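Student: Quick one: this structure, given as structure tokens, is what I'll be asking you about.
No lab work stands behind these numbers, since they all come straight from the coordinates. Quick caveat, the model's predicted, so the values are computed rather than measured. For neighbour counting, all protein chains shown are included, and Cβ atoms are generated from backbone atoms with ideal geometry for every residue, glycine included.
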Amino acid sequence: MADKEATVYIVDLGATMAEKHGGRSESNLDWAMRFVWDKISTTVAASRKTWKVGVLGLRTDATSNSLQDDEGYDNIAVLQDIDAMSLTALRTLGQKIKPSKTINGDAVSAIIVAVEMISVAAPARLKFNRKIVLVTDGRGAIDGDDFDDLAHRINELGINLVIIGVDFDDADYGFKEEGKSTTKAQNEKLLSTLVGKCKDGVLGTLAEAIDEIQKPNIKATRPYKTYEGPLTLGDPKTFDGALSINIERYFLTKSASPPSATTVIVRPESAEGATQSTHTTGETEDIEMANVDFTAVKNERVYTVDDPTRLGGKREVEFEDLDKGYEYGRTAVHISTSDANITQLQTEKGFSILGFVTRANAQPYLIMGESCIIMPEKFNERDELAFSALVHAMVDTDTCAVARLVAKDMKDPVMLLLLPTVSSEHVCLYDVPLPFAEDVRSYPFPPLDKVITASGAVLTKHRLLPTDDLNQAMSDYVDAMDISMFATDDDGQPADYVDLEDNFSPIIYRINKAISFRATHPTEPYVQQDSEYTTRFNHPPGELVENASSQIAALIRAANVKKVPPKAKGRAGRDASKNKPISGLDIDALLGNSGAGRGPTIKKEGDELRKISPDNAIPEFKQALASTVSVKQIEGFTEQMGQITESLIASSTGEVNYSRAAENLRVMREELISLEEPVIYNTFITGLKQRLVAEKLGGPRLDMWWTIRLSGLGLVTSKESELSTVTEDAAKEFLRPKKI
């Protein structure tokens, strides 16, 4: 496969492309450019200088091409010569893609111009993947002569000709346009004839092409050899009967990750050019900034040591002059290079099998890492025969191998699980890394079919155990929701619904789509539109749920499922009469909220309040607020919580109680915001600050205010609650240390 590519996109910009058809809300040109922008932006994202792109405009107002002096090449313009595509060129191209005011221009002539462009940029003597992509609505005049000569030239250069038509008929895709004009129908036949004469030609409808770009692209990488050398069983240096086979190990699968972001800043007015450098610990990376408003960040790291003889008491030192130190408690312990070498394993390059395990003992959760494939050394019949014998023996005995790999000298060893595979195509070993024992977590759970009491008795009938009716309803529901063979193949037979090869990561797909859209549309608002192809596994198929409706209803009845009412918030939630539980039980009476079993009560302006215990302040404060029916009660409970908090501060030895006091304030703040009473909290925190400043809480306690500031427990702003009149600037000013 050639590493070099040359592609020319022919975009029909005729006046008819500005029209809207098929009930679509976007014009034919915008719809077609969704496909073109996706392909070009993928090339830009790959950042391969050997992938060259050219763009040709068809039915343009102006004429600009290498054959414009000849007859029949009017209204064809080169919008971009074949060259490496960059973000700057992409945005420049976007400004040229606009519908023209003409309907003149021959699509076949445009293909001829594209062929000449490719013949110059990618001559036949060079190894190139050559492609021409024509996107048109087929409503312009087309000259159907000399197709044989054009097809011969296309085949001679090895060009892949792809013609995509707006609302073109496609029996395989199942689309047919009704009421089609005679001109368009004739043009479809002519273009189909041209494609049929090409060895590598494709004609399709744009709707199918749009569906295809909704599928994420699988990035195929070149095979990367991670190890080359002997695979041993036993020590060949010690035992004559030890097995040693020369093998080659390649990456098979690698986990994909979304593209990383680059830190940028607003470009200074004095900066020139569009390319800056970013320096991070000595490494330099050139980053293209197509937007002139931004530039890359330059990072510099400086190391200093204390030096009283220097200005500022600091002296810069070089990184090479530093030694490593390891924390031991709060002390830095220095280990010299010679001592550190003792802690490093003195390993030698090697790949050895340590033993074999049965396939049944290789649990699926062990096979979760990136995988590699192991093949015998090429052109070595002895090793190929020995390797094949080893793999077949493992298959016959249904075993896997545990191996130790050191990719190169002085590298940490890894433990691998080798899985044998024999197929008509190859005989190989797949390997996956084995986890450490510490990586495998075991969590004990109580049994689901019985209850074991404190005395050791086993109960099979219990209110926490499912009944026979519930077990049967759940079994029927699971069977009805089986999606393993819910899909159908081309012959209409049941097929796997979830294919692992088509199960893509929506996160990577979303980020790539967002980057691509912003690159081609820098000013338009972006609205996330998830492709059904990538999100179809996020929820069960609607048809399956509809078919299982009776089983779902039976399960709801058997499990006695009831809707949980939403949690009441704000003033409307204080009416206790409206918050009765579904069960009808008097929860307040059961918990003793009326005062029974809760300790003494206190009087507050005519309202009887339960006293909050300092030992269990937070839970009791929440329960007390949940039962309030008036603002006076809220103020009373808040006053109690405030007294408990100030008592913690005043009795604290150093900073011992500051964290408990801050947690009380956090709960008080959150609860009062949810009850839409931010003024009560703001009044309390203002008074607390005044008492801290006046040293009325057991002496100097300004460190407590620093804790409040770091925890973000200041005034409630209008942004946090609509009932607050405190602005963000006022809240920041309130927290400033100079106010204390």
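Student: Restricting attention to the stretch 104-151, which trypsin sites (Lys or Arg not before Pro) occupy a DSSP loop and are surrounded by at most 16 other Cβ atoms within 10 Å? The partial results should precede the final answer.
Tutor: Numbers: sites: 125, 127, 130, 131, 139; in loops: 125, 127, 139.
Sparse-neighbourhood loop trypsin sites (Lys or Arg not before Pro): 125, 127.
Student: Let me ask something else about it. Take residue 474 and residue 146, extend 7 Å from each Cα along the Cα→Cβ direction, and tell me the distance between the two endpoints in nm.
Tutor: 7.7 nm
Student: Give me the three principal axis extents of the stretch 138-184 from the C-alpha atoms, as integers in angstrom, largest value leading.
Tutor: 38, 24, 13
Student: Moving on to the next point. Sort all Cα-Cα distances of the chain into consecutive 10 angstrom bins from zero, then give the percent of pairs in each bin up to the one containing the longest distance.
Tutor: 2, 8, 11, 13, 16, 18, 16, 10, 4, 1, 0
Student: How big, in percent, is the set of alpha carbon pairs in the stretch 629-702 lying more than 19 Å apart?
Tutor: Details: 883 of 2701 pairs.
In whole percent, the long-distance tail amounts to 33.
Student: OK, next. Report the full-extension gain for the segment residue 298 to residue 217: residue separation times 0.36 nm, less the Cα-Cα distance, to one decimal in nm.
Tutor: Working: separation 81, 0.36 × 81 = 29.16 nm, distance 3.36 nm.
Contour length minus Cα-Cα distance gives 25.8 nm.
Student: Oh, and also: Under 19 Å from the Cα of residue 127, which lysines turn up, not counting those fewer than eight places away in the same chain?
Tutor: Reachable lysines: 4, 49, 52, 199.
Student: Rounded to the nearest 0.05, what FRET efficiency do residue 200 and residue 482 have when you use their Cβ-Cβ distance and R0 = 45 Å? Mind dumping the intermediate values first?
Tutor: Details: r = 43 Å, r/R0 = 0.95.
Efficiency computed from Cβ-Cβ geometry: 0.60.
Student: Next question, about the same structure. Rounded to whole Å and ordered largest first, report the semi-axes of the equivalent ellipsoid of the stretch 108-209 derived from its Cα gyration tensor (root of 5λ).
Tutor: Numbers: eigenvalues 132, 41, 23 Å².
In descending order the semi-axes read 26, 14, 11 Å.
Student: Residue 611: which lysines have alpha carbons under 16 Å from its alpha carbon, excluding same-chain residues fewer than 8 sequence positions away?
Tutor: The qualifying lysines are 603, 622, 632.
Student: How big is the antiparallel share of DSSP beta bridges in the stretch 1-131, given as a percent to the nearest 5? Working shown, then result.
Tutor: Values: 6 of 18 bridges.
Close to 35 percent.
Student: Using R₀ = 45 Å, calculate the FRET efficiency as 1/(1 + (r/R₀)^6) where r is the Cβ-Cβ separation of residue 410 and residue 309; round to 0.05. It would help to have the intermediate numbers written out before the result.
Tutor: Details: r = 42 Å, r/R0 = 0.93.
Between residue 410 and residue 309 the formula returns 0.60.
Student: Report, ordered by chain and residue number, the lysines lying within cross-link reach of residue 189, taken as a straight Cα distance under 17 Å and ignoring same-chain residues fewer than 8 apart.
Tutor: Leaving aside lysines fewer than 8 places away in the same chain, those within reach of residue 189 are 176, 180, 197.
Student: Assuming 0.36 nm per residue, please report the length gained on full extension of the stretch residue 368 to residue 552 beyond their Cα-Cα distance.
Tutor: Details: separation 184, 0.36 × 184 = 66.24 nm, distance 3.39 nm.
Gain in length upon complete extension: 62.8 nm.
Student: Take residue 257 and residue 125, extend 7 Å from each Cα along the Cα→Cβ direction, and tell me the distance between the two endpoints in nm.
Tutor: Here the answer is 4.4 nm between the modelled labels.
Student: Let me know the Kirkwood hydrodynamic radius for the stretch 470-559, please, with Cα pairs as the basis and the value in Å to one decimal. Intermediate results must be reported in sequence, preceding the final value.
Tutor: On the way: mean 1/r = 0.0619 Å⁻¹.
Result for the stretch 470-559 stands at 16.2 Å.
Student: Turning to a different aspect of this structure: Only bridges with both residues in the chain count here: give the DSSP antiparallel percent, nearest 5. All intermediate terms of the calculation are to be shown ahead of the outcome.
Tutor: Working: 68 of 99 bridges.
The antiparallel fraction comes to roughly 70 percent.
Student: How fast does the stretch 513-570 diffuse by Stokes-Einstein, in µm²/s, taking the Kirkwood radius from C-alpha pairs at 4 °C and 1.567 mPa s?
Tutor: Values: Rh = 16.1 Å.
Approximately 80 µm²/s, per Stokes-Einstein.
Student: In debye, nearest 20, what is the charge dipole magnitude of the chain about its Cα centre with +1 on Lys and Arg Cβ and -1 on Asp and Glu Cβ, if you could check?
Tutor: Details: 84 positive and 111 negative charges, 729 e Å.
That gives the chain a dipole magnitude of about 3500 debye.
Student: For a Förster distance of 22 Å, can you work out the FRET efficiency between the beta-carbons of residue 64 and residue 84, rounded to the nearest 0.05?
Tutor: Numbers: r = 21 Å, r/R0 = 0.96.
With a Förster radius of 22 Å, E is 0.55.
Student: Over 25 Å between Cα atoms: which of 378/408; 219/408; 450/563 fall into that group?
Tutor: Numbers: 378/408 21 Å; 219/408 28 Å; 450/563 28 Å.
Checking Cα-Cα distances, 219/408; 450/563 exceed 25 Å.
Student: Multiply the residue gap between residue 650 and residue 385 by 0.36 nm, knock off their C-alpha separation, and tell me the result in nm, one decimal place.
Tutor: Values: separation 265, 0.36 × 265 = 95.40 nm, distance 8.30 nm.
Between residue 650 and residue 385, full extension yields 87.1 nm more.
Student: Work from the charge dipole of the chain (Cβ charges, +1 for Lys and Arg, -1 for Asp and Glu, about the Cα centre) and give the residue of 154, 653, 419 farthest towards its positive end.
Tutor: 653
Student: How large is Rg/Rh for the stretch 141-263, to two decimals, with Cα atoms and a Kirkwood Rh?
Tutor: Numbers: Rg = 26.5 Å, Rh = 20.2 Å.
Using only Cα positions, Rg/Rh for the stretch 141-263 is 1.31.
Student: Quote the Stokes-Einstein diffusion coefficient, in whole µm² s⁻¹, for the stretch 5-213, based on the Kirkwood radius over alpha carbon pairs, a temperature of 37 °C and a viscosity of 0.692 mPa s.
Tutor: Numbers: Rh = 17.1 Å.
The estimated diffusion coefficient comes to 192 µm²/s.
Student: Give the order of 112, 210, 452 when sorted by the count of other beta carbons within 10 angstrom, beginning with the fewest. Walk me through the numbers before you get to the answer.
Tutor: Numbers: 112 21, 210 15, 452 11.
If I rank by nearby Cβ atoms, fewest first, I get 452, 210, 112.
Student: If the label point is 7 Å along Cα→Cβ of residue 359, which residues in the stretch 234-251 have backbone nitrogen under 17 Å from it?
Tutor: What the label zone holds, given the 17 Å backbone N cut-off, is no residue at all.
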